[in-house]
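Worksheet: the structure to be examined is printed underneath.
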2 protein chains.
Amino acid sequence: MAVHSVTMEKTILALLEEKKYQTLKDVLVTMEPADIAAVFEELKEEKVPLLFRLLPKETAAEAFAELEPERQELLIRGFSDTELREVVNELYVDDAADLVEEMPANVVKRILAQADPQMRKEINEILRYPENSAGSIMTTEYVSLRPDMTVADALTRIRRTGVNKETIYTCYVTSGRKLLGAVSVKDLLLAEEDSTPVSEVMDENVISVNTLTDQEEVARLLSKYNFLALPVVDTDGRMVGIVTFDDAMDIIVEETTEDIEKMAGMIPSEKSYLRSNAWELFRHRIPWLALLMVSATFTGMIITGFESALAAQVALTAFIPMLMDTGGNSGSQASVTVIRALSLDELEFRDLPVVIWKEIQTAVLCGVALATLCFVKIMLVDRLLLGNTDISLLVAAVVCVTMAFTVLIAKIVGCTLPMAAKKVGFDPAVMASPFITTIVDALSLLVYFGIASALLF
Amino acid sequence: MAVHSVTMEKTILALLEEKKYQTLKDVLVTMEPADIAAVFEELKEEKVPLLFRLLPKETAAEAFAELEPERQELLIRGFSDTELREVVNELYVDDAADLVEEMPANVVKRILAQADPQMRKEINEILRYPENSAGSIMTTEYVSLRPDMTVADALTRIRRTGVNKETIYTCYVTSGRKLLGAVSVKDLLLAEEDSTPVSEVMDENVISVNTLTDQEEVARLLSKYNFLALPVVDTDGRMVGIVTFDDAMDIIVEETTEDIEKMAGMIPSEKSYLRSNAWELFRHRIPWLALLMVSATFTGMIITGFESALAAQVALTAFIPMLMDTGGNSGSQASVTVIRALSLDELEFRDLPVVIWKEIQTAVLCGVALATLCFVKIMLVDRLLLGNTDISLLVAAVVCVTMAFTVLIAKIVGCTLPMAAKKVGFDPAVMASPFITTIVDALSLLVYFGIASALLF
């Protein structure tokens, strides 16, 4: 019951150390493949093949599919041809295709040599499709029915062929590989008459995706309609595979992580954080850092341009960080909200006027509130408490008016750039905090010095 | 086929305008509930009840469950008692409980009055559980089997009771409501003998959650194990409901949106962006903006403290934004990566030393690269191209050394704070860009002026 993986790992490591193999077998049988895989990730390299050989055949393949590529490679290198054949042919085709994509060439050669001819053909078919397309993530193991079968025939067919299918709960009705409809096992089981033809219980309005549809779209559809699986058809309307809900969950998590990484000014990585070394992290982080650093030349130029003014009113300098940070924060609130709404399909480009108007209203509220608070803060904290009498009432006014304008500019820039990026086909996620901050910095400094010049000099 | 919702909306609005109700009925029958709900959201208020009455009974309930609360309330206010009764009793219990939670008191009274006694009892049971707990999101409509039933009995029971169950594909074996095991329809269909008792085909190692388990944990388990449903048991081990995979997908999306909002310094909102008005956006955004603005007092104090130094070396001011932004960006890269890894359960507190060491190495690489690039940029762009001869070699050195240290500090602070927050029970997501930036700003200015004081004055 419940979650016991951490304790289980300890138990298994101890049993392995004590060579209690029969006990281990009994324990492993009770465990979920995902938890067994977690134990394998913790294991010392030399123990990996040993524990693997204790697993029942089917669990072995399922746990294998859940392992990280490094461990998979380690295992395969230790496998005899017979062992490799058993594992590979027990895998679902989509997992086998993933494996082939991850392994180095010499390992791939061995895998394909041991795969059954049918398996090899299907792996190769999946590998033909471009990365992140529906074709590349689908499995070819689905139940297909003919429209003239009866409900009883259909159930018999499911019983006969179901064991190797990734899901049996949604079956697809095809004729000459053309997709005619879908029927669930629930519909079949609850059908009044066993002799009803499948064509009468099937749903003809079946939503399908093309082999080239982006995986993110596939996941979005699966989640929107709460389907267990979505059929994939080629450009001639012939059914070639299915994508199942569990893949959709993984894709949603993966794509969101990518979005979050982009929003923080990083190039997305497929590797998890703990498995990435410093060099890899560096390579994914330095491009944006460098680009944004260099673009700060503009803010530098603006400050240099007003150097003499700053020298005359040194108090102004002290507020630069506060103005810049508040601008950056205001802008990223707007941009991140819009980016998330875009990726959840809650927003489209045609909503831009609505969005800008909403942000202007919000900015006015935030701007007035912050400017007021800022004025009170300067008067009470900076002047009274810290005794900084350099800050005249006029300086305080300049800072507060700039604050209000900065918030306004930041919110407008923040909501507009991601939507514009989407419109022209760029990824909205890169228009997040770091990028917006750089732009808003420059604009807010211009406003600051503009207002300062008008009022103070 | 494929995705046609936008065009469908236009067609339906046109047909409704032309009062072609029979055609509308024929069209609606072909559509998914989620797409029908999308049409309802676009509809003028007075047309909503009209279109709703054209839906087949079961589709009507499914589409109703997908609507936003505003539309649901509008419909209910227009329903006769009979209509309300039909819709409410056709809903899944978890959707009915959600509805009751969202509606104002007088509407809730009507809903409960029209619900069947069994439905009312189950709604009330679900509402007893705390928000975001497994109990509050579960449904009580699952198939339960007895261990002594044969496979044939079990299939008969599924056929008889399955129509109103949220899923029939995983059935739960109970005795006196104690959860003994789970059995899938696949196992039942593929069982060799119809007379085998259920207790022999069931999986006894069933993973379950408690009624009080957090919904995020429930979603994580469903996604980790690729289950269709997860049983929910009370503190006495009695089975009370199930949570299904489609709810898990929604929870994952919802919780990630919350994390992203927190990371951008916002208080998470349950309402979608387009449905939030400016006042609501303001209320969710102003607290962090105000707090961070006030905490910029420290950066202001640091600059004021070095005012005379800055007046003597005005060139130093121009680099403040670049140093601050690069520090902020470096820090948020680290913090956002760590926050995401924490929320995906890839990291634990005990990994802190590994994480810090990884970030130090990365920071050294990034710091050296940026400092070098910065030096080249100052020499070529600022001095040569822009002719800013105020910037001495020594000033350039101060800036570049500060740059390297700022990156180092930012990465260490960025990775440590979210993990520390998690350790002491705070939400790591608030330790993202805005918060890190404020801290790193102050630290980097201290380093800047410290190095400047040592080398220049």
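The values are calculated or read from the model by the stated rules, or taken from the named source; none is laboratory data. In this text the structure is predicted, and so the values were computed from the model without any measurement. Positions of Cβ are backbone-derived with ideal geometry, glycine not excepted, and every protein chain shown enters the neighbour counts.
Identify all residues within the range B:182-215 that are in a helix (DSSP H, G or I) and either within 12 Å of chain A (Cβ to nearest Cβ) or buried (at least 16 other Cβ atoms within 10 Å of the Cβ) (or both); write none if there are none.
Listed by number, the residues that qualify are B:V185, B:K186, B:D187, B:L188, B:L189, B:L190, B:V198, B:S199, B:V201, B:Q215.
Name the residues in the range B:263-287 that are in a helix (DSSP H, G or I) and at pLDDT 90 or above, would you? Break it down stepwise before answering.
So in the range B:263-287, the residues in a helix (DSSP H, G or I) come out as B:263, B:273-275, B:278-287.
Residues satisfying the conditions are B:A278, B:W279, B:E280, B:L281, B:F282, B:R283, B:H284, B:R285, B:I286, B:P287.
Quick one: which residue in B:V314, B:V294, B:V338 is surrounded by fewer than 24 Cβ atoms within 10 Å (Cβ to Cβ), of a type in the set (V, I, T) and either more than 7 Å from chain A (Cβ to nearest Cβ) or farther than 20 Å from A:T326 by Cβ (or both)?
B:V314
Can you tell me how many residues in the range B:262-287 are more than 7 Å from chain A (Cβ to nearest Cβ) and surrounded by 18 or more Cβ atoms within 10 Å (Cβ to Cβ)?
Within the range B:262-287, residues that are more than 7 Å from chain A (Cβ to nearest Cβ) and surrounded by 18 or more Cβ atoms within 10 Å (Cβ to Cβ) number 5.
So that you can scan it fast, the table gives a plain yes or no per residue for (1) over 27 Å from B:N210 (Cβ atoms); (2) in contact (Cβ under 8 Å) with a residue 60 or more places away in the chain; (3) among the basic types (K, R):
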{"position": "B:E68", "(1), (2), (3)": "yes, yes, no"}
{"position": "B:L75", "(1), (2), (3)": "yes, no, no"}
{"position": "B:E83", "(1), (2), (3)": "yes, no, no"}
{"position": "B:V87", "(1), (2), (3)": "yes, no, no"}
{"position": "B:M119", "(1), (2), (3)": "no, no, no"}
{"position": "B:E125", "(1), (2), (3)": "no, yes, no"}
{"position": "B:P130", "(1), (2), (3)": "no, yes, no"}
{"position": "B:G135", "(1), (2), (3)": "no, yes, no"}
{"position": "B:T140", "(1), (2), (3)": "no, yes, no"}
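Would it be correct to say that A:F375 is more than 8 Å from chain B (Cβ to nearest Cβ) and either within 22 Å of B:A264 (Cα to Cα) or within 30 Å of the chain's Cα centre (by Cα) (or both)?
no
Search the range B:208-229 for residues that are under 22 Å from B:V185 (Cβ atoms) and not assigned by TED's automatic domain parsing to the domain that holds B:L127 and pair each with any residue that is of a type in the set (D, E, K, R) and in a loop (DSSP other than H, G, I, E, B) when their beta-carbon atoms are under 7 Å apart and the residues are at least 6 apart or on different chains.
Pairs that qualify, where the first residue is under 22 Å from B:V185 (Cβ atoms) and not assigned by TED's automatic domain parsing to the domain that holds B:L127 and the partner is of a type in the set (D, E, K, R) and in a loop (DSSP other than H, G, I, E, B), are B:Y225/A:E32.
Can you tell me which residue within the range A:216-244, out of those that are closer than 17 Å to A:G181 by Cα and among the small types (G, A, S), is nearest to the other protein chains (Cβ to nearest Cβ)?
Within the range A:216-244, the match that is nearest to the other protein chains (Cβ to nearest Cβ) is A:G237.
Do the conditions hold for B:K411, that is, is it within 30 Å of B:T256 (Cβ to Cβ), surrounded by fewer than 23 Cβ atoms within 10 Å (Cβ to Cβ) and either in contact (Cβ under 8 Å) with a residue 60 or more places away in the chain or β-branched (V, I, T) (or both)?
Taking the combined requirement at face value, the residue does not satisfy it.
Residues that are more than 25 Å from A:Y142 (Cα to Cα) and among the aromatic types (F, W, Y): does the range A:223-232 have at least one? Step through it out loud before you land on a result.
Taking the range A:223-232 and keeping what is more than 25 Å from A:Y142 (Cα to Cα), we get none.
So far as the range A:223-232 goes, no, none of its residues is more than 25 Å from A:Y142 (Cα to Cα) and among the aromatic types (F, W, Y).
Per-residue answers, yes or no, for (1) in a helix (DSSP H, G or I); (2) in the same structural domain as B:A312 (by TED's automatic domain parsing); (3) modelled with pLDDT of 95 or more; (4) surrounded by 23 or more Cβ atoms within 10 Å (Cβ to Cβ):
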| site | (1), (2), (3), (4) |
| --- | --- |
| B:M379 | yes, yes, no, no |
| B:I391 | no, yes, no, no |
| B:A396 | yes, yes, no, no |
| B:V407 | yes, yes, yes, yes |
| B:L417 | yes, yes, no, yes |
| B:A429 | yes, yes, no, yes |
| B:I436 | yes, yes, no, yes |
| B:V440 | yes, yes, no, yes |
| B:L443 | yes, yes, no, no |
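Can you name the number of the only condition in (1) more than 8 Å from chain A (Cβ to nearest Cβ); (2) surrounded by fewer than 24 Cβ atoms within 10 Å (Cβ to Cβ); (3) touching a Ser or Thr at 6+ places or on another chain (Cβ under 7 Å) that B:G327 fails?
Result: B:G327 fails condition (2) only.
Conditions first: (1) under 17 Å from A:Y92 (Cα atoms); (2) assigned by TED's automatic domain parsing to the domain that holds A:T213; (3) in a helix (DSSP H, G or I); (4) touching a residue at least 24 places away in the same chain (Cβ under 8 Å). A:I168 passes all but one, so which condition is the exception?
(3)
Has the range A:13-23 got any residue that is away from chain B (no Cβ under 14 Å) and closer than 25 Å to B:S223 by Cβ?
no
Filtering the range A:28-37 down to residues that are in contact with a Lys or Arg (Cβ under 9 Å, 6 or more places away or on another chain) and in a helix (DSSP H, G or I), which residue is farthest from A:A65 (Cα to Cα)?
By that ranking, first place goes to A:D35.
Before we move on, is A:D390 under 31 Å from the mean Cα position of the chain (by Cα) and not basic (K, R)?
no
So, B:D247, is that one surrounded by fewer than 17 Cβ atoms within 10 Å (Cβ to Cβ) and either assigned by TED's automatic domain parsing to the domain that holds B:S433 or under 30 Å from B:C171 (Cα atoms) (or both) or not?
no
Select, from B:L347, B:L365, the only residue that is surrounded by fewer than 24 Cβ atoms within 10 Å (Cβ to Cβ) and not aromatic (F, W, Y).
Testing whether each residue is surrounded by fewer than 24 Cβ atoms within 10 Å (Cβ to Cβ) and not aromatic (F, W, Y) leaves just B:L365.
Name the pairs whose Cβ atoms lie under 6 Å apart, with the first residue in the range A:42-64 and touching a residue at least 12 places away in the same chain (Cβ under 8 Å), the second assigned to a loop (DSSP other than H, G, I, E, B) and crowded, with 17+ Cβ neighbours inside 10 Å, and 6 or more positions between them or separate chains?
From the range A:42-64, the pairs are A:A61/A:L91.
Taking the options A:E307, A:E348, name whichever one is more than 14 Å from A:V399 (Cβ to Cβ) and more than 7 Å from chain B (Cβ to nearest Cβ).
None of the others qualify; the one that does is A:E348.
Only one of A:A311, A:A278, A:A290 is small (G, A, S), free of Cβ contacts under 8 Å to residues at least 60 places away in the same chain and assigned by TED's automatic domain parsing to the domain that holds A:G450; which?
Values: A:A278 fails: assigned by TED's automatic domain parsing to the domain that holds A:G450; A:A290 fails: assigned by TED's automatic domain parsing to the domain that holds A:G450.
Step by step, each of A:A311, A:A278, A:A290 is checked, and only A:A311 is small (G, A, S), free of Cβ contacts under 8 Å to residues at least 60 places away in the same chain and assigned by TED's automatic domain parsing to the domain that holds A:G450.
Tell me whether the range A:27-47 contains one or more residues that are more than 27 Å from the chain's Cα centre (by Cα), of a type in the set (D, E), modelled with pLDDT of 90 or more and surrounded by fewer than 19 Cβ atoms within 10 Å (Cβ to Cβ).
Checked the range A:27-47: no residue is more than 27 Å from the chain's Cα centre (by Cα), of a type in the set (D, E), modelled with pLDDT of 90 or more and surrounded by fewer than 19 Cβ atoms within 10 Å (Cβ to Cβ).
Do the conditions hold for B:L74, that is, is it closer than 27 Å to B:S272 by Cβ and surrounded by 15 or more Cβ atoms within 10 Å (Cβ to Cβ)?
In short, yes.
Please determine, by comparing only the residues of the range B:43-74 that are in a loop (DSSP other than H, G, I, E, B) and not aliphatic (A, V, I, L, M), which one is nearest to B:D98 (Cα to Cα).
Out of the qualifying residues, it is B:E68.
Among the residues of the range B:325-338, is any modelled with pLDDT of 90 or more and under 30 Å from A:A63 (Cα atoms)?
The answer is yes, given that some residue of the range B:325-338 is modelled with pLDDT of 90 or more and under 30 Å from A:A63 (Cα atoms).
Take the conditions without any contact (Cβ under 8 Å) to a residue 12 or more places away in the chain and either crowded, with 19+ Cβ neighbours inside 10 Å or of a type in the set (A, V, I, L, M, F, W, C) (or both) and apply them to B:L386. Does it pass?
yes
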